[in-house]
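See below for the structure under consideration.
The values are calculated or read from the model by the stated rules, or taken from the named source; none is laboratory data. Because the structure is predicted, anything quoted here is derived from the model rather than measured. Glycine also receives a Cβ, built like all others from the backbone with ideal geometry; neighbour counts cover every protein chain displayed.
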């Protein structure tokens with residue numbers, strides 16, 4: 001995917017004030033939203049994406065809240081159980097998991113978690129770090145946009 005192709009979806013997510021469902025150029029999607037992975041961090045962007053996705057989550061057969069590289073104190077308890085309890089109020093049952101990234105590559109860890117879950121939709125916040133930092137150093141948003149193999153619902 002070229003640079004221009006990466007800029008259109010993330011610009012829409014950043015500037016529209018609405019969630020954006022991005023469909024990858026590669027692969028074939030037979031279903032969208034039956035097995036959903038929600039990329040979780042305790043950030044405004046992740047919370048926004050989670051609540052924007054509730055219509056999808058209510059219809060899903062399986063929802064997994066996946067947190068990559070949680071802080072040590074969060075790894076044991078974390079806010080994941082609180083989020084799953086909140087989702088239950090919206091008639092959404094979910095499980096919570098954590099994953100470790102290799103060399104800090106959160107995007108790879110998210111894609112691997114989606115593959116393990118057989119996910120057909122990834123829900124995530126867009127640009128939790130500054131856009132400049134992600135362009136210079138990389139980041140989960142840019143990695144997912146470049147390498148996604150399933151539809152992604154992004155919110156900022």
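Test each condition in (1) modelled with pLDDT under 90; (2) touching a strand residue (DSSP E or B) at 6+ places or on another chain (Cβ under 9 Å) for residue 121 and report the one that comes out false.
Failing condition for residue 121: (1).
Considering only segment 91-106, I want to know if a residue exists there that is modelled with pLDDT of 85 or more, out of contact with any helix residue (DSSP H, G or I) (no Cβ under 6 Å at 6 or more places or on another chain) and surrounded by 19 or more Cβ atoms within 10 Å (Cβ to Cβ).
Scanning segment 91-106, I find no residue that is modelled with pLDDT of 85 or more, out of contact with any helix residue (DSSP H, G or I) (no Cβ under 6 Å at 6 or more places or on another chain) and surrounded by 19 or more Cβ atoms within 10 Å (Cβ to Cβ), so the answer is no.
Across segment 39-53, what is the total count of residues that are touching a helix residue (DSSP H, G or I) at 6+ places or on another chain (Cβ under 8 Å) and within 15 Å of residue 88 (Cα to Cα)?
Looking only at that region, the number is 1.
Please go through (1) part of a loop (DSSP other than H, G, I, E, B); (2) at pLDDT 90 or above; (3) surrounded by fewer than 18 Cβ atoms within 10 Å (Cβ to Cβ) for residue 82 and return the number of the only condition it doesn't satisfy.
Checking residue 82 against (1) part of a loop (DSSP other than H, G, I, E, B); (2) at pLDDT 90 or above; (3) surrounded by fewer than 18 Cβ atoms within 10 Å (Cβ to Cβ), the one that fails is (1).
Looking only at segment 64-78, how many residues end up being at pLDDT below 90 and buried (at least 19 other Cβ atoms within 10 Å of the Cβ)?
1
Being outside any loop (DSSP other than H, G, I, E, B) and under 21 Å from residue 23 (Cβ atoms) is the filter here, so list the residues in segment 109-129 that pass it.
In the first step, residues of segment 109-129 are kept if they are outside any loop (DSSP other than H, G, I, E, B); the result is 109-117, 121-125.
Matches in segment 109-129: 110, 111, 112, 113, 114, 115, 117, 121, 122, 123, 124, 125.
Please work out which residue is farthest from the chain's Cα centre (by Cα), limiting yourself to segment 86-108 and to residues that are outside any loop (DSSP other than H, G, I, E, B) and either in contact (Cβ under 8 Å) with a residue 40 or more places away in the chain or within 16 Å of residue 46 (Cα to Cα) (or both).
86
Conditions first: (1) surrounded by fewer than 16 Cβ atoms within 10 Å (Cβ to Cβ); (2) within 16 Å of residue 83 (Cα to Cα); (3) touching a residue at least 40 places away in the same chain (Cβ under 8 Å). Residue 58 passes all but one, so which condition is the exception?
(3)
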